[in-house]
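The values are calculated or read from the model by the stated rules, or taken from the named source; none is laboratory data. Just so it is clear, the structure is predicted and the values come from calculations on it, not from any experiment. A quick note on method: Cβ atoms are made from the backbone with ideal geometry, for glycine too, and the neighbour counts reach across all protein chains shown. Each accessible area value is taken on the protein alone, full model and side chains, heavy atoms only, with ligands, DNA and RNA left out. Shrake-Rupley method; radii C 1.70, N 1.55, O 1.52, S 1.80 Å.
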Amino acid sequence: MNVNRPFSSTPCEPEKSIDVPEHTLSLPVDQSARQTVSALLFFLVVLLLVYASSFSGIWIYDDEPNILNNQNIHLDRIDVSSLKKTLYLGSPNVSNTERIKRPLAYLSFALNWYGGKNHVFGYHVVNFVIHFIATVFLYLFIKNSMMLPIVDNKYRRWAHPAAFLSAMIWAIHPIQVTAVTYIIQRMASMAGMFTIIGMYGYLKARTARTGRATTVGYAACGLCALGAFATKENSAMLPVSLFLYEMMMIRGVAHIDVKKAARWGLPALALVILVGLLYIDPTRLLDGYNNRPYTAVERMMTQSRVVLVYLKMLFYPLQSELTLVHDIDISTSLWSPWTTLPSIILVAASFFAALFWLSRRQPLFAFAVVFYFVNHAIEGSFIGLELIYEHRNYIPSMILFVIPVILLLQTLGYFSYSRKFQMLFVVSVAVILASIGHSTYAYSSLFRHGLIFWRDNAKKSPHLSVVQNNYGIELMKHGFNDRAFQALQRSETLDRYFNLSQKGVTYHNLGLYYETIENDYSQALSYFKKATEITSNSKTMWLAYDMCELVNGNVEKAETHLEACINKWPGDPDMLTAMGKIQLFKGNAETALGYARQARVALPGAVGPLAIFGEIYRLQGNLTKAVFFWKAYRSERPDSLAAALTLTELYDQTGNYDRLNRVVSDLLVAKGDKAWDVWLQEGLTRAKLTEAVAYTQHPEYLLSVISSSLRRESENAGNGR
């Protein structure tokens, strides 16, 4: 092939050689810069409208353990040691063998934290920008692909409108909401962004006119491939996607030398395996099934139905079916449910028909189909992951909408004789796009309020325990205690989990209900114990269990459990703080001080140790320093009842009545309609459970102090002060 030959009006003869570096293609210079700029501005405006509600989206589900409770990404300063911690999901100490976990994604969260801590707006801005960039490069990739010689005679005149509509549908489709609005799934969208930029870089390298442009294209492809690999595991299919693109869209499958193709394709496959080994220990590949109610074979059979469910969502999205946590029956055999075998046959037939038959007639359509199935291969394989998540379609669906868009444009061209029909057709397409965008806006809006979000999910997946559990917790947060208990009980009764460790979460939350709502600490302890027996690797659950042992008077048990936890998670500031509290209860002030200092060394911004310092100084009679540390503690945790009650006594003892009156005013608001004596008794017990309060507070004394403060305020008001 003459690499500098411009496009002709006849089909181009595919090259027979497979030696990629020796052959490039030449695309004519794109003269439609104005169209491209207009398209990008249109993308920006439309996406801002569609995702306007996303910027106030709250923390949901996996956001909490991966961001809010992940101390490794809570950057207070930028230096080598701090940035190194972000590479690991767990604590990178010598006893932890966990590998590097999606380092680029976690680094981006760490930088977000450095800039705005736990304020969601900055995270959503970054997620939106990632999605916009992915949309831009998807448009450019599709547009340039439609001008390749192998399809140029068919699609060149439609390159801009087809690329524009395909990218637009993909970008505003509601199935992408969980990859854009759900903060933690930046992992999916960022991997998608790097993937499509990498593919565009490869395309530009293969069609470059100069050696420099070729080098730049390949360099961009390589760097983006590394970025994708460092963001999420499913991007490991990028080398395979590029190999298929070369074979189907650049070379043409009709004249491929199989032996030469294998010499280039096998390294691509080897690269996929190598990337996988960076993330996964092959000796523990099936460990994920330890907590699954299905086997590897059952999962693979189920995935044949899942990818068809995805296709249905993509081409017929219904608001009533889109949700974060889906319920799907597990395929226990080829005939149960009966759709399993037909699904396997349909998926296999579609893939191989596209690869070996359609690729000779419609290579662009064939590549879109093959790209879809190939990029579902990892998350749809035997690896013990969850069964179904919408965000897994972010990469696979990128090229897919080219098929219906080109068919629509062909239909529009067929009716060129009727201007009225064409206008009706255009209006109909515009209405469909507006409907899709509205669905995305409505779906994204659910992420703004936890109670509304989980209520919606509970309606769509009513038989899943994890959904009922999360709905119950949200109800409890908003004071709907009776309904919360019903939801949590339903979660326990249904006993339907796709991750069996989540059963421990249900028990943990039932423990929280009995602890915080019913004040039944004995019942709470039984549930916390069940939780740790099922989910033994949760620090949160062990802390709740140990503190509940403490409030039930089992100080020695609590200490023994915490010693084991500290051995398991050495240097964990929460564990060290809890041990410091136990030592205070035992009267070991110096030992408690040592644990509190260790906690502050492990995490300089740790808040819990401040209360321990304040208690120690109070026990020593140094009320000035006691006030200092308790004030510092309360400034970080303004809702802390323990801090308010402690400062009430300290301000009374130091004669600081102005500050005392302000604290009592806050207590008056927090008390609500409850009687002072009842509320104080409940509050003191809870404070002892959750905060570092070592001594026995006397409600009678507190009532006396509060009454005196209220009386002084009343007298001052009467005197006109």
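Here are the numbers:
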item: Globularity ratio of segment 283-412, using Cα Rg and 2.2 N^0.38 Å; result: 1.14
item: Solvent-accessible area, 1.4 Å probe, carbon plus sulfur percent, for segment 368-462; result: 69
item: Segment 351-430: equivalent-ellipsoid semi-axes (sqrt of 5 x gyration tensor eigenvalues, Cα, Å); result: 33, 17, 6
item: Cα-projected label distance for residue 520 with residue 223, points at 7 Å along beta-carbon direction, nm; result: 6.1
item: For segment 287-333, the fraction of alpha-carbon pairs in successive 5 Å shells from zero, as %; result: 5, 18, 25, 22, 16, 10, 4, 1
item: Pairs beyond 19 Å (Cα-Cα), from 312/460; 631/671; 586/625; 539/568; 85/581; result: 631/671; 586/625; 85/581
item: Those residues of segment 434-457 whose amide nitrogen sits under 20 Å from the label point placed on residue 121, 7 Å along Cα→Cβ; result: 445-450
item: Value at 222 nm in deg cm²/dmol, rounded to 500, when DSSP H runs of n ≥ 4 in the chain each add -39,500 (n - 2.57); result: -20500 deg cm²/dmol
item: Length-normalised contact order for the chain - Cα pairs under 8 Å, 6+ apart - percent; result: 11
item: Cα gyration tensor category, rounded, prolate or oblate, for segment 519-657 with a/c compared to 1.5; result: prolate
item: Cα gyration tensor shape for segment 132-217, rounded if a/c is under 1.5, else prolate or oblate; result: oblate
item: Mean shadow area of segment 421-533, taken as a quarter of the surface of its Cα convex hull (nm²); result: 8.9
item: Coordinate range along principal axes, alpha carbons of segment 587-638, Å, largest first; result: 28, 26, 13
item: Heavy-atom SASA rank of 241, 439 (probe 1.4 Å, accessible area, largest first); result: 439, 241
item: Net dipole in debye of the chain [+1 Lys, Arg Cβ; -1 Asp, Glu Cβ; about Cα centre; nearest 20]; result: 2580
item: Longest exposed-site-free window of the chain, the sites being GluC sites (Glu not before Pro) in a DSSP loop that have at most 15 other C-beta atoms within 10 Å; result: 99-385
item: Residue 42-residue 438 FRET efficiency (beta carbon distance; Förster radius 22 Å; 0.05 resolution); result: 0.80
item: Residue-count net charge about residue 566 - beta-carbon cut-off 12 Å; Lys, Arg +1, Asp, Glu -1; result: -3
item: Inter-probe distance in nm under a simple model that places probes 7 Å from Cα toward Cβ, at residue 319 and residue 622; result: 6.2
item: Square roots of 5 times each gyration tensor eigenvalue, C-alpha, the chain, largest first, Å; result: 57, 27, 25
item: Descending principal axes extents, segment 550-607, alpha-carbon based, whole Å; result: 31, 24, 16
item: Cβ-based charge dipole, the chain, positive-most Cα from 469, 123, 81; result: 123
item: Neighbourhood charge, 15 Å Cβ-Cβ cut-off, centred on residue 182 and excluding it, Lys, Arg +1 and Asp, Glu -1; result: -2
item: By average C-beta atoms within 10 angstrom, highest first, the peptides 63-75, 617-629, 176-188; result: 176-188, 63-75, 617-629
item: 14 Å beta-carbon shell around residue 216, net charge (K/R +1, D/E -1); result: +4
item: Residue 601 versus residue 286: modelled label distance in nm, points set 7 Å from Cα along the beta carbon direction; result: 4.5
item: Descending Cα extents along the principal axes, segment 153-201, whole Å; result: 43, 25, 11
item: For the chain, accessible area per residue (1.4 Å probe, heavy atoms of protein chains only), Å²; result: 45
item: Contour excess over end-to-end distance, with Cα ends at residue 335 and residue 661 and 0.36 nm allotted per residue; result: 110.1 nm
